[in-house]
2 protein chains.
Amino acid sequence: MALIVQKFGGTSVGSIERIEAVADLVVKTKQQGHQVVVVLSAMSGETNRLLALAKQIDKRPSARELDVLLTAGEQVSISLLAMAIIKRGHSAVSLLADQVNIRTDNMFGKARIEDVAATRLKHELEHNRIAIIAGFQGRDIEGNITTLGRGGTDTSAVEIAGAINADECQIYTDVDGVYTTDPRIEPNARRMNYVTFEEMLEMASLGAKVLHIRSVEAAGKYNLPLRVLSSFNPDQGTLISFEEAGVQTNIVSGIAFNRDESLIYVNNITKGTTQLSKIVKIFAEHGIEIDMISQVNHNFEKIDYAFTVHTNDYEQALEILNSDERQIINKGAVKGDSHVAKVSAVGVGMKSHSGVASLFFEALAQENIDVILVSTSEIKISVLIDEKYLELAVRALHKVFLTENE
Amino acid sequence: MALIVQKFGGTSVGSIERIEAVADLVVKTKQQGHQVVVVLSAMSGETNRLLALAKQIDKRPSARELDVLLTAGEQVSISLLAMAIIKRGHSAVSLLADQVNIRTDNMFGKARIEDVAATRLKHELEHNRIAIIAGFQGRDIEGNITTLGRGGTDTSAVEIAGAINADECQIYTDVDGVYTTDPRIEPNARRMNYVTFEEMLEMASLGAKVLHIRSVEAAGKYNLPLRVLSSFNPDQGTLISFEEAGVQTNIVSGIAFNRDESLIYVNNITKGTTQLSKIVKIFAEHGIEIDMISQVNHNFEKIDYAFTVHTNDYEQALEILNSDERQIINKGAVKGDSHVAKVSAVGVGMKSHSGVASLFFEALAQENIDVILVSTSEIKISVLIDEKYLELAVRALHKVFLTENE
């Protein structure tokens with residue numbers, strides 16, 4: 001008997017028929033002798049419907065009240081699933097954030113979970129009930145409703161699984177696992193059976209959209225095996241775990257990419273050790289994060305910087321650099337380019353294999369793709385390229401590193 | 001400065017436009033210098049939409065889970081109204097049942113409020129915020145979500161107003177007050193400016209649908225002035241209070257009626273002091289309430305009973321009396337009639353005026369309306385008549401007792 005947490009996203013509970021199918025799947029797991037905790041998103045479309053109501057009243061509605069509004073969506077899905085499971089003759093109980101004490105900070109709309117009390121959940125499991133918990137939501141220390149932001153339900157599921165020391169957290173979604181790259185770009189992309197946490201963290205931060213990075217981080221914190229699988233056609237999916245045994249020996253596990261970055265150049269600014277920290281600080285004050293950074297020293301007096309920000313922050317970043325605040329970074333030429341994309345190869349195998357970088361750049365060179373910026377870690381190589389070459393680069397890298405030799 | 005609780009029903013918050021109008025109304029009250037607590041129903045149609053989803057899964061869904069589902073409706077309306085008030089530059093905070101500690105028993109779907117803690121609400125009011133509370137819902141002692149059943153939001157409003165010792169509880173609805181009778185039947189029906197609690201209790205229990213009897217009872221318990229008024233066209237409405245000063249001196253205040261009663265005869269049963277209690281007991285065991293009762297002794301051995309039950313219970317009541325259980329009330333002839341209606345004249349003036357009954361029966365006799373059963377209290381006379389004469393009886397009684405002499 002194992003203790004399993006199963007998370008289902010919005011499309012998995014998007015209609016009564018889908019909810020009935022999820023009920024079958026949950027009951028089947030229970031009948032296999034496991035204890036089951038379910039974490040749900042709102043029915044697909046519901047969050048957008050509620051958001052549209054709010055926008056009709058106020059284009060920038062109160063953040064606290066928006067969280068009260070949006071959490072109504074999960075309340076609907078959890079109670080409907082509980083009804084469907086009870087109809088199948090099993091005990092089930094739906095639970096909201098306050099009922100299982102999911103405590104967060106008070107950052108409405110993007111709160112972080114600080115604590116999940118296991119007491120109530122353990123009680124329900126001991127009484128042989130299937131517990132169905134509203135994902136995406138929490139309560140701050142004053143009892144206000146909060147939401148966790150993007151990917152919130154995945155994070156809820158992982159934090160809950162961690163709190164009750166679950167054996168596995170299963171993330172059911174509309175794809176059947178994590179792929180070596182996006183199959184819409186590279187038809188030869190393969191589902192991976194295993195990925196390590198390190199790889200998944202890199203893939204998530206590099207733009208692979210299957211799992212939100214925060215939920216992968218949380219799973220790593222608890223050393224909790226995480227499995228991504230399809231609710232439409234569940235099989236083994238992809239297991240994300242610390243155990244490297246059984247992991248395929250590919251040097252590179254996947255090719256990730258991200259179209260949401262924009263490039264900014266600050267050229268010919270006066271050399272000085274505090275220049276970069278000044279730029280980073282101004283951006284941080286405006287809530288803008290810098291991703292890739294490159295620095296070139298022209299001569300003894302001048303430096304060029306190139307860095308990337310999220311495309312949503314691009315216009316504001318240019319404004320800041322061109323405004324009065326720019327004085328503090330002296331006078332340099334500022335220019336930018338939003339038509340860029342980042343492509344990355346990720347794999348724990350890189351740690352012990354040399355020559356990966358060489359293969360990587362050779363593959364791009366053969367396609368005449370210019371590299372604008374480079375960034376590396378122990379287990380990944382990322383490059384920024386012209387956005388129009390993105391698909392070509394993904395296919396070239398996939399071919400070099402991930403073509404199966406059979 | 002007064003402390004005012006304002007309750008708005010589903011049609012009053014049925015669209016974004018209506019919610020904006022309610023926000024205007026609430027803000028206006030605040031600007032007049034009052035402290036305001038708002039209690040809301042779900043947007044009209046929403047509860048039925050959610051109920052339909054549940055019925056798709058299970059015709060008789062889990063009562064606990066149905067309450068979790070349905071309370072999502074109020075969560076939407078309170079957060080939207082809070083946004084609309086905040087947009088108008090006032091502080092507002094939406095609050096769920098658990099956040100203001102509305103504790104109920106655990107009768108899902110028809111819970112009763114046991115306690116409302118005033119602490120949180122007082123705190124919000126002291127900080128000059130408009131508190132917007134989800135009506136219809138509560139939490140039992142274990143923290144499970146409960147709903148209060150029909151007329152639940154009125155009851156929430158009154159119990160909250162009682163707990164914080166409000167000066168007045170205003171029930172905004174789609175009619176502009178309590179009328180002397182239904183204007184759809186008697187075009188001369190007038191809005192009453194004042195009604196006493198006693199009268200309103202009788203009117204509510206006799207079928208006047210403006211206020212649920214439970215909320216009137218609760219207001220009486222707290223000696224809380226209650227006002228019914230229109231959210232579409234608010235003016236003074238009807239004030240329901242203990243103070244009789246200023247109450248118009250009509251002997252009869254209103255003509256109430258109810259089409260939902262059915263008549264049952266049990267004839268020629270053997271006399272015995274326990275017969276009636278046996279019938280009442282069997283019905284109580286099946287959850288059937290008896291309203292009017294009449295007993296006629298034919299001779300020394302036989303009795304006839306006539307009584308009324310809610311039409312929803314009529315078929316079941318006949319079945320019970322014709323079944324084996326009937327043995328315990330001996331063998332009598334059972335028959336029934338569901339085409340009956342109850343008409344009542346209500347007024348505290350009856351206490352001190354004789355001759356009301358005489359006028360009442362004379363008015364019916366002049367229209368050749370047969371009276372089947374009679375029931376009276378200090379402040380009302382009710383008769384059961386053939387349903388087809390209902391409108392005629394209402395108009396005749398309204399003419400005798402409520403025609404204004406100008």
Legend entry - Helix-derived mean residue ellipticity, 222 nm - over the protein assembly as shown, DSSP H n ≥ 4, -39500 (n - 2.57), to 500: -10500 deg cm²/dmol
Inset, instruction - Could you work out which residue, out of A:Glu391, A:Glu159, A:Glu319, moves most in a Gaussian network model of chain A, that is, has the largest mean-square fluctuation with Cα springs under 10 Å? - result: A:Glu319
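What average count of beta carbons from other chains do you get within 10 Å of the Cβ of residues in A:9-16?
That average works out to 1.
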Inset, instruction - Counting only DSSP beta bridges with both residues in the range A:3-174, tell me the antiparallel percent, nearest 5. - result: 25
Inset, instruction - Counting other Cβ atoms within 10 Å, keep those with at most 10, restrict to DSSP loop, and tell me which trypsin sites (Lys or Arg not before Pro) in the range A:273-357 are left. - result: A:Lys331
Legend entry - Percent antiparallel among DSSP beta bridges (both partners in the protein assembly as shown, rounded to 5): 60
Inset, instruction - With an 8 Å cut-off on Cα pairs and a minimum separation of 6 or more residues, tell me the relative contact order of chain B in percent. - result: 13
Legend entry - Radius 12 Å from Cβ of B:Ala363, net charge of other residues (Lys, Arg +1; Asp, Glu -1): 0
Inset, instruction - Could you list the square roots of 5 times each eigenvalue of the Cα gyration tensor of the range A:3-174, that is, the equivalent ellipsoid semi-axes, sorted largest first and rounded to whole Å? - result: 26, 19, 12
Legend entry - Spatial separation of Cα centroids for the range B:1-59 and the range A:145-186, in angstrom: 36
Inset, instruction - Take the rotation relating chain B to chain A, measure from its axis to every Cβ in chain B, and name the nearest residue with the distance in whole Å. - result: B:Ala72, 2
Inset, instruction - Please identify, among A:Thr270, A:Thr11, A:Thr47, the residue showing maximal mean-square fluctuation in a Gaussian network model of chain A using a 10 angstrom Cα cutoff. - result: A:Thr270
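Taking 37 °C and 0.692 mPa s as the conditions, I'd like the Stokes-Einstein D for the range B:31-89 in µm²/s, using the Kirkwood hydrodynamic radius from alpha carbon pairs.
Working: Rh = 13.3 Å.
Using the Kirkwood radius from Cα pairs, D works out to 246 µm²/s.
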Inset, instruction - Give the percent of DSSP beta bridges with both residues in chain B that are antiparallel, rounded to the nearest 5. - result: 60
Inset, instruction - Express the Stokes-Einstein translational diffusion coefficient of the range A:251-313 in µm² s⁻¹, to the nearest whole number, given a Kirkwood radius over alpha-carbon pairs, 20 °C and a viscosity of 1.002 mPa s. - result: 162
Inset, instruction - Would you pull out the residues with amide H under 5 Å of A:Arg227's amide H, same chain only if 5 or more places away, H placed 1.01 Å from N? - result: A:Cys169, A:Gln170, A:Ile171, A:Ile240
Legend entry - Per residue solvent-accessible surface (Å²) - the protein assembly as shown, probe of 1.4 Å: 43
Legend entry - Of all accessible heavy-atom area on the protein assembly as shown, the percent that carbon and sulfur account for (1.4 Å): 47
Legend entry - B versus A: buried accessible surface, summed, Å² (probe 1.4 Å, to nearest 100): 3300
Inset, instruction - With the Cα gyration tensor of chain B in hand, give its eigenvalues times 5 under a square root as the equivalent ellipsoid semi-axes, listed largest first in whole angstrom. - result: 41, 28, 18
Inset, instruction - Could you grab the relative contact order for the range B:3-174? Cα pairs under 8 Å, six or more apart, rounded to a whole percent. - result: 30
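Computed from the mean reciprocal separation of all distinct C-alpha pairs, what Kirkwood hydrodynamic radius does the protein assembly as shown have, in Å?
About 31.3 Å for the protein assembly as shown.
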Inset, instruction - Please compute the net charge surrounding A:Arg395, taking Lys and Arg as +1 and Asp and Glu as -1 over other residues with Cβ under 13 Å from its Cβ. - result: -2
Legend entry - Fluctuation leader among B:Thr273, B:Thr71, B:Thr173 - chain B, Gaussian network, Cα springs under 10 angstrom: B:Thr273
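The values are calculated or read from the model by the stated rules, or taken from the named source; none is laboratory data. Bear in mind that the values here come from a model prediction, so they are computed numbers and not experimental data. Please note: Cβ atoms are built from the backbone with ideal geometry, for glycine as well, and neighbour counts cover all protein chains shown. Ligands, DNA and RNA are excluded from the accessible area calculation, which covers all protein heavy atoms including side chains. Shrake-Rupley method; radii C 1.70, N 1.55, O 1.52, S 1.80 Å.
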